[in-house]
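The values are calculated or read from the model by the stated rules, or taken from the named source; none is laboratory data. Please read all numbers here as calculations on a predicted model, not as lab measurements. Using ideal geometry, Cβ is built from the backbone for each residue, glycine included, and neighbour counts are taken over all protein chains shown.
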Amino acid sequence: MAPAPTFDHLREADLDDDEFDENELDFSDLREKFRVQLEQGLDTFVVVDGLPEITEEQKPKLVKFLMKKFNTVGTVREESIFMPMGENEKSLRFAFVEFSTPSEAAAACKALDYVPLDKKHTLRVNKLTDIDRYAREGRVEDEFEAPEIEPFTQREHLRSFLKDPSGRGRDQFVMFRGESVGVMWNNEKDTPESIVDRQHWTETFVQWSPLGTYLTSVHQQGVQLWGGNSWGRHQRFPHPFVNLVAFSPGEKYLVTWSARPISVPDEGHPVLTLDDDGKNYVIWDIQTGKPIRSFANIDTGNDPDAPKAQPWPAFKWSADDKYVARLNQGTSISVYELPRMNLLDKKPIKIDGVMDFDWAPATVRRDGVKSYEQLFCFWTPEIGSNPAKVGLMSVPSKEVVRTLNLFNVSDVKLHWQSEAAYLCVKVDRHSKSKKSQATTLEIFRVKEKGVPVEVVDTIKDTVINFAWEPKGDRFIIITTTEPVGPTAVAPKTAVSFFCPEKSKGPVAGNFKHLRTLEKKNSNAIYWSPRGRFVVVATVHNTQSSDLDFFDLDFEGEKPEAEKDFTANLQLMNTGDHYGVTDVEWDPSGRFVATWASSWKHAMENGYHLYDFRGEQLREEAIEKFKQWAWRPRPASLLAKDEQKQVRKNLREYSRVFEVEDAERGASADLAVVEHRRRQLDEWHAWRESLESEVAEEREIMGLPLDPVAELLKAKTDELEVTEERLIEEIVEEVLEESEEIIV
């Protein structure tokens, strides 16, 4: 083989020293041609940190223990684990582990990173190639330098909004109008008291976290969380072009979704990695602001029956934030454990044909079950000769605790009661000829032994809405005989109320139909978060915008036919808000806000505020009004016994509140009177000053000070000198009057 040419040879053969400039030549093609590719072979290695410090005698025992962990994700031999020892003949608390393939090494990093080894040690698993790359990029120093510990700074109290400075227990809300976002105190009939108001605070919408701790703003670069008295930024999540946001119930985690897959640039991303490239969903840890795991949209392939768009939220949370699950429609449900986001038992829960599922909104204590569990329900359609099925599954055991077979099923909807005491399965059934349809309500009594199922009356009309009473056992449905879908004229509907019969024991009686209101246009149900009161409304329709306020525990006389029911229904008030698009109760259940959003139409945008009885307190038309959202409250810190005691003595507390309300009303009236008196005094002072100026001017001009008095005096003198005049008056009197007829 001929030797490669040298630069010196080129210089001597072709160019003189005076004419040669080495920097002007491009040798990239030669470098590429003669580059030697060295096989590193490091992709199969991982570095394991966080190990305990051990001696040489203890080393075999630890190696065997580690092999059990590593062999769950790949193949590792004892000689594949190298654990360096220090000068003191003790380990350096880390080890190199070689797997059979690079994919096994990558799986180990995902599955075993942050896995607890014991109470004092947690494994950290990283690829050796990543550490080498960080070192080349200068992100890892050759010599260890202890990090500088920042001095402690007192953080703002993120729940300070629960203490109203006025002492009236007011609630906060956020309004998005035009380009301005403002957080305000509710002042009932008076103008809301502004807390903070900022221009361009968000680019698309705002959203409260479930417990009201944070206000979320959404931007092209990602999501930001705001809170505290100063309304500073507390966390940011850089997910580009984010469209939707969802919190876990306990505010520990956040899910963001973008219709555009993530594209990590060549120069890197502040938080996301190449593993997140091409993904649409990211699950974040709110406390640290770091991503836990990312997912792509489910590829439906060429399946014509697959949904065109995935329903939101795609990830659903258990009540205690310990699990999050995703539906693989038709095949399985993937349940992940937090905070590691590892698949429960390393595989999805296979359920053939599964169409939908939903977690119980509260941690349920079933009769006779003492072990910890979270429940979710699911349903599958009829497949061949197999009937449709509704199931109730316990996690983490994956035990199906109750199933219900269904026949001639067109569709199923799952509705949990807020405390997970009941699950209503709304089943739309068709006849054998499929020419007619009827609806049945199958109610699972979850807390009772064996989870019995009760069937409520068969409903022949189409059910377009269903809603449980929060913390209660009553529900409302809206039915129609007309085709379902958007219409210019609101369809005629019927509103039906259901409640249990009276029962002597602790278990509620059977559910019975209480009353139906016919010939309505209502299409939406909004229960008070405290129960008892409900607004049945017509929304998203310009032809009708009715608001009906009901009390289900009215303290008046109950109809004779409803004596055995646990409800006394009364229509308290009706309202009308033209073009209403949204209705929302405040967390106390005292006020209801309705608004017409410019996102949905541009006619008479603004909001109305009502009290729970339906009396309108305030109305304000605002151009380009987009959004109103009450700030949620966390659960009460009082125990159930303490809450019962408060309810028992509610009349005593109410007297104090009534006095405060009366004083506030009296002070408001006194302020009006004082304002008017002040205006009257100002007017008198102005008139006196003006009269003194006029008097001075008349005196200078030699005119009388009181021209009116001078004029009256002149008139009096004129009357006195006027001669006497004789006035003759003629008076006629009829003494008799008769009528004579001449023929």
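Just checking, does region 398-410 include any residue being part of a loop (DSSP other than H, G, I, E, B) and closer than 25 Å to Trp312 by Cβ? Among the residues of region 398-410, not one is part of a loop (DSSP other than H, G, I, E, B) and closer than 25 Å to Trp312 by Cβ, which makes the answer no. Looking at this structure, is His219 crowded, with 17+ Cβ neighbours inside 10 Å, over 25 Å from Ala635 (Cα atoms) and not assigned by TED's automatic domain parsing to the domain that holds Trp630? Answer is yes for this residue. Within region 441-462, if we keep just the residues that are of a type outside the set (D, E, K, R) and surrounded by fewer than 18 Cβ atoms within 10 Å (Cβ to Cβ), the residue that is farthest from Val507 (Cα to Cα) turns out to be Thr458. Count of region 274-295 residues, restricted to those that are surrounded by fewer than 19 Cβ atoms within 10 Å (Cβ to Cβ) and among the hydroxyl-bearing types (Ser, Thr, Tyr), is 1. Return only the number of the condition from (1) of a type outside the set (A, V, I, L, M); (2) closer than 18 Å to Asp576 by Cβ; (3) modelled with pLDDT under 95; (4) assigned to a strand (DSSP E or B) that Asn541 does not satisfy. Unmet for Asn541, out of (1) of a type outside the set (A, V, I, L, M); (2) closer than 18 Å to Asp576 by Cβ; (3) modelled with pLDDT under 95; (4) assigned to a strand (DSSP E or B): (4).
Elements of the type strands (runs of 3 or more DSSP E) sitting completely within region 436-511 and holding at least 2 residues that are of a type in the set (Gly, Ala, Ser): these cover 493-500. Checked against (1) assigned by TED's automatic domain parsing to the domain that holds Val181; (2) touching a residue at least 40 places away in the same chain (Cβ under 8 Å); (3) not hydroxyl-bearing (Ser, Thr, Tyr), Lys644 meets all criteria but (2). Filter region 221-230 for residues that are out of contact with any Ser or Thr (no Cβ under 8 Å at 6 or more places or on another chain) and at pLDDT 95 or above and give the result. Within region 221-230, none qualify.
Among the residues of region 630-652, those that are assigned to a helix (DSSP H, G or I) and under 32 Å from the mean Cα position of the chain (by Cα) comprise Lys640, Asp641, Glu642, Gln643, Lys644, Gln645, Val646, Arg647, Leu650.
So that you can scan it fast, the table gives a plain yes or no per residue for (1) among the aliphatic types (A, V, I, L, M); (2) touching a residue at least 24 places away in the same chain (Cβ under 8 Å):
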residue: Val409; (1), (2): yes, yes
residue: Val412; (1), (2): yes, yes
residue: Glu419; (1), (2): no, yes
residue: Val425; (1), (2): yes, yes
residue: Ser433; (1), (2): no, no
residue: Ala438; (1), (2): yes, no
residue: Lys449; (1), (2): no, yes
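A single entry from Glu12, Glu24 fulfils the requirement of being modelled with pLDDT under 90, loosely packed, with under 10 Cβ neighbours inside 10 Å and more than 30 Å from Leu344 (Cβ to Cβ): Glu24.
Apart from one condition, Arg655 fits all of (1) assigned to a helix (DSSP H, G or I); (2) modelled with pLDDT of 85 or more; the exception is (2).
Do we have any residue at all in region 489-497 that's surrounded by fewer than 16 Cβ atoms within 10 Å (Cβ to Cβ), more than 30 Å from the chain's Cα centre (by Cα), more than 26 Å from Ala362 (Cβ to Cβ) and of a type in the set (A, V, I, L, M)? Looking through region 489-497, at least one residue is surrounded by fewer than 16 Cβ atoms within 10 Å (Cβ to Cβ), more than 30 Å from the chain's Cα centre (by Cα), more than 26 Å from Ala362 (Cβ to Cβ) and of a type in the set (A, V, I, L, M). Criterion first (surrounded by fewer than 19 Cβ atoms within 10 Å (Cβ to Cβ), of a type outside the set (A, V, I, L, M), at pLDDT 95 or above and outside the structural domain of Ala508 (by TED's automatic domain parsing)) does Lys432 satisfy it? For Lys432, the condition - surrounded by fewer than 19 Cβ atoms within 10 Å (Cβ to Cβ), of a type outside the set (A, V, I, L, M), at pLDDT 95 or above and outside the structural domain of Ala508 (by TED's automatic domain parsing) - is not met.
Based on this model, can you work out whether Gly505 counts as farther than 30 Å from Leu571 by Cβ and assigned by TED's automatic domain parsing to the domain that holds Thr566?
yes
Close Cβ contacts (under 8 Å, 6 or more residues apart or on different chains) running from residues in region 244-268 that are charged (D, E, K, R) to residues that are part of a strand (DSSP E or B) and at pLDDT 95 or above comprise Lys252/Asp285. Of all residues in region 603-625, those satisfying the criterion of being surrounded by fewer than 20 Cβ atoms within 10 Å (Cβ to Cβ) and out of contact with any Asp or Glu (no Cβ under 9 Å at 6 or more places or on another chain) are Met603, Glu604, Glu615, Gln616, Glu619, Glu620, Ile622, Glu623. Residues that are more than 44 Å from the chain's Cα centre (by Cα) number at least 2 in the following strands (runs of 3 or more DSSP E) confined to region 45-154: 94-98. Against the definition (outside any strand (DSSP E or B) and crowded, with 20+ Cβ neighbours inside 10 Å), how does Val580 come out, yes or no? In short, yes. Arg168 fulfils the conditions (1) touching a residue at least 12 places away in the same chain (Cβ under 8 Å); (2) of a type outside the set (Asp, Glu); (3) in contact with a Phe, Trp or Tyr (Cβ under 8 Å, 6 or more places away or on another chain); (4) surrounded by fewer than 17 Cβ atoms within 10 Å (Cβ to Cβ) except for a single criterion, (3). The combined condition, being within 30 Å of the chain's Cα centre (by Cα), polar (S, T, N, Q), modelled with pLDDT of 90 or more and not in a loop (DSSP other than H, G, I, E, B), is fulfilled by Thr574.
Residues of region 111-120 that are free of Cβ contacts under 8 Å to residues at least 12 places away in the same chain and within 20 Å of Tyr336 (Cα to Cα): Pro116 alone. Taken over region 552-610, residues that are under 23 Å from Leu514 (Cβ atoms) and free of Cβ contacts under 8 Å to residues at least 40 places away in the same chain amount to 13.
Results for (1) within 23 Å of Asp130 (Cα to Cα); (2) assigned by TED's automatic domain parsing to the domain that holds Asp132; (3) at pLDDT below 55, shown as yes or no for each residue.
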| position | (1), (2), (3) |
| --- | --- |
| Ala4 | no, no, yes |
| Ile54 | no, yes, no |
| Pro60 | no, yes, no |
| Gly74 | yes, yes, no |
| Ser80 | yes, yes, no |
| Glu87 | no, yes, no |
| Phe99 | yes, yes, no |
| Pro102 | yes, yes, no |
| Ala107 | yes, yes, no |
